[in-house]
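Quick notes on the structure that follows.
The values are calculated or read from the model by the stated rules, or taken from the named source; none is laboratory data. Fair warning: this is a prediction, and the values are worked out from it, not measured in the lab. Don't worry about glycine lacking a Cβ; one is built from the backbone with ideal geometry, like all the others, and counts go over all protein chains shown. Heavy atoms of the whole protein, side chains included, go into the accessibility calculation; ligands, DNA and RNA do not. Shrake-Rupley method; radii C 1.70, N 1.55, O 1.52, S 1.80 Å.
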Amino acid sequence: MLLSNTMPKKELKFCNQRYEFDDKEMDLSNLKERHKSRFRIVKRAAQELKDNMVVNLGIGIPTLVPNFLPNNVKLWLQSENGILGVGRYPYPGEEDPDLINAGKETCTAVKGASIFSSSQSFGMIRGGHVHCSILGAMQVSSTGDIANWIVPGQFVKGMGGAMDLVSSGSHVIVTMEHTDKNEQPKILEKCTLPLTGMQCVKRIITDLCVFDIKPDGLHLIELLDNATLEDVKAKTGCKFEIKSDLKNVKVLIASYFVLFSILVLFFFFCDSGNAKEYLSQYNEKVSTRSKNISFSQIQTFVEFHQNNTKQLPSIK
Amino acid sequence: MEKASKTVHKTNQQNRVIKKLLLKTCLWPKGEEKKNSIEYETKANISRNVPYWLLANQYKLRSHFSTKVLATCDEAIKASKIKNGDTLLAGGFGVSGSPIGLAHAIANTGVRDLTVVSNNCGLDKWGLGMLLNRKQIKRMMSSLRIFFFFKKKGGKVIVANVFMEYKQLYVGENKEFARQYLSGELEVEFVPQGTLAERLRAGGAGIPAFYTPTGVGTWIHTGKVPIKYDSKGEVEIYSTHKETRDFNGRTYLLEEAITGAVGIVKCHQADPFGNCTFRGTARNFNPECAQAAQFTIVDAKN
């Protein structure tokens, strides 16, 4: 497989149509609690992914994950219907009905992407060539069973490619909210819904905490933001072991802190005399740089460019 | 030698026709574009290099066209001689790469009791959904990455169009499908998408069955997926229990291959020899369906 590191990050970044969680437009104070919890899950899940991984993302929360990747991480997104190297969503007017992802949304292909038939793409999944897959779930058991395709008497979602992804033996991460809408636990001793796969989930990321699933059962690794141990114990339907060095990772609060600190530093900087001197020096530099280029130079550049473009042969 | 010369003359006549076609369709390598005669046509070359009968056979092979190019979808479906109770393999994932025109042509013929193998069943009253709407399908084999919800109110089944968040994203919504499945008019066999693709591939490659790890320990394995409901809303037919076998300490399920009488495929470009190209992800299930069917029809309209 060809892996190039020279790809610009813009191409790999997802712009999401439904939730606009872009860093610039991010206003955390106006978010609803449900959105906040989702945001927390997504941000934590983005830390799981490493450079040059081949990753398959499920529908729902997992599609938001590429928005929050660290700067030095570039992924290869695989889609079950036969693309390796899914890019961002298309801009209006750029959509192509023959380029869709597994969720039947229109998408773009990254530079160096490859396209193949379904049987080949599932061969890739079953053969364990996909390093990591992130899925949503309705129920997960303490032994790693997962259920997400049918609720008898209520709805059928269809298993799609989830069953193949889950049983491939790759690193399966489940991202979901800790409880369902009726505030009943989703992490149980044994799943009550029909299964999608047995003993396959390796890690669960919820809005409260992060669990690891090992042969001897559930292990609590991290608590996210303000979640407490008692809260987690009350909302999970089974026993779990607590890691001796339990971390309390701050996902959302950290970003609050960063914003706050930047503001403080800004004011501090503006007040001090050094900063003003620095700014004035900077302005001078910029102005001199622009002055150095004379009008005639620009004119010659433009003429040169025009002449060159004329010499180029037309495409037809 | 006289007999030989006669056969060569005949084949030459055939070859001229083929050569014209080839010049139109294929790109020749550089330097050979303007050559009027092909070298091996002359008698001298034949006598010098290869025994004439061998070449004559080669000409026969080249002049044999198994494919037909037809103008409309209806003519193509007539040529396939599709009859009641046949299995139909249809490519397509969602809307991209789905042979809509051919599906509509099949709907117009009025064939009944079809078993349709496809990843999902078109849209409401459109594509394969048209076959559903006219109740021509007996059994559907699909993986169905579609959301549909249903509720029971006073003994009647109501298909609710919930999940408004996803309404824009999921184009493959089909209410009629859910209604027929729940009221017992339609049999639905849920197959995981990967095994569906592999079963089709195996059918085309002449492998009768294979072992996969997908679905071990689930309803697919134990045979509890309802295939058909009766009119009261209780399950009439369940899926079959599947054989297992252990390899290297892991259990695998035995899945059988799928073959069909007629395959319908949508492609980007096709030539009179039967070669096809696909555009982007419109490839999906199409090559597998084309290989697994005894008679395949390709829709190359764009």
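Some observations on this one:
- Long-range HN-HN contacts of A:His129 with modeled amide H, under 5 Å: none
- Integer Hz, Karplus 6.51/-1.76/1.60 couplings in order for the range B:93-105, x for Gly and Pro: 10, x, 8, 6, x, 8, x, 6, x, 5, 5, 5, 5
- Each residue of the range A:182-199 was assigned a 3J(HN,Hα) from its phi angle through the Karplus expression (A = 6.51, B = -1.76, C = 1.60, θ = phi - 60°), giving 8, 6, 9, x, 9, 9, 10, 5, 8, 5, 8, 7, x, 7, 9, x, 9, 6 Hz with x at Gly and Pro.
- The range A:172-216 shape via C-alpha gyration tensor axes, a/c threshold 1.5: oblate
- Taking amide H atoms as placed 1.01 Å from N in the peptide plane, the amide H of B:Arg279 lies under 5 Å from those of B:His268, each 5 or more residues away in sequence or on another chain.
- Extension gain, B:Glu185 to B:Thr240, is 17.8 nm, computed as 0.36 nm per intervening residue step minus the present C-alpha separation.
- Computed from the alpha carbon positions, the gyration tensor of the range A:126-179 leads to an equivalent ellipsoid with semi-axes of 20, 14, 9 Å, biggest first.
- Placing +1 on the Cβ of every Lys and Arg and -1 on the Cβ of every Asp and Glu, with nothing else charged, gives the range B:87-300 a dipole about its Cα centre of roughly 600 debye.
- At R0 = 41 Å, FRET efficiency that the Cβ-Cβ distance of B:Phe295 and A:Lys202 yields, to 0.05: 0.35
- Here is the P(r) of the range B:87-300: all C-alpha pair distances, binned every 10 Å from 0, give 8, 32, 36, 19, 5, 0 in whole percents.
- Label sites at A:Ala234 and A:Glu95, each approximated as a point 7 angstrom past Cα along Cα to Cβ, lie 4.5 nm apart.
- Alpha carbon centroid spacing (whole Å) that separates the range A:41-56 from the range A:132-192: 19
- Taking GluC sites (Glu not before Pro) across the range B:204-302, the ones in a DSSP loop with at most 15 further Cβ atoms lying within 10 angstrom of their Cβ are B:Glu234, B:Glu243.
- The heavy atoms of A:Asp216 offer some 100 square angstrom of accessible surface to a 1.4 angstrom probe.
- Each label was represented as a point 7 Å from its Cα along the Cα-to-Cβ direction; for B:Ser231 and B:Asp271 these points are 5.7 nm apart.
- Per DSSP, loop trypsin sites (Lys or Arg not before Pro) in the range A:120-204 with at most 12 further Cβ within 10 Å: A:Lys181, A:Lys190
- DSSP-loop trypsin sites (Lys or Arg not before Pro) across the range B:183-240, with at most 15 other Cβ within 10 angstrom: B:Lys224, B:Lys232
- Residues whose amide H lies under 5 Å from that of A:Leu195, counting only those 5 or more places away or on a different chain, are B:Trp219; hydrogens are built 1.01 Å from N in the peptide plane.
- Counting only heavy atoms of the protein chains and using a 1.4 Å probe, B:Phe247 has close to 70 Å² of accessible surface.
- Shielding by partners for peptide A:93-99, expressed as the average number of C-beta atoms from other protein chains within 10 Å of each residue's C-beta, is 4.
- The modelled label-to-label distance for the pair B:Lys138/A:His35, using points 7 Å beyond Cα in the direction of Cβ, is 5.3 nm.
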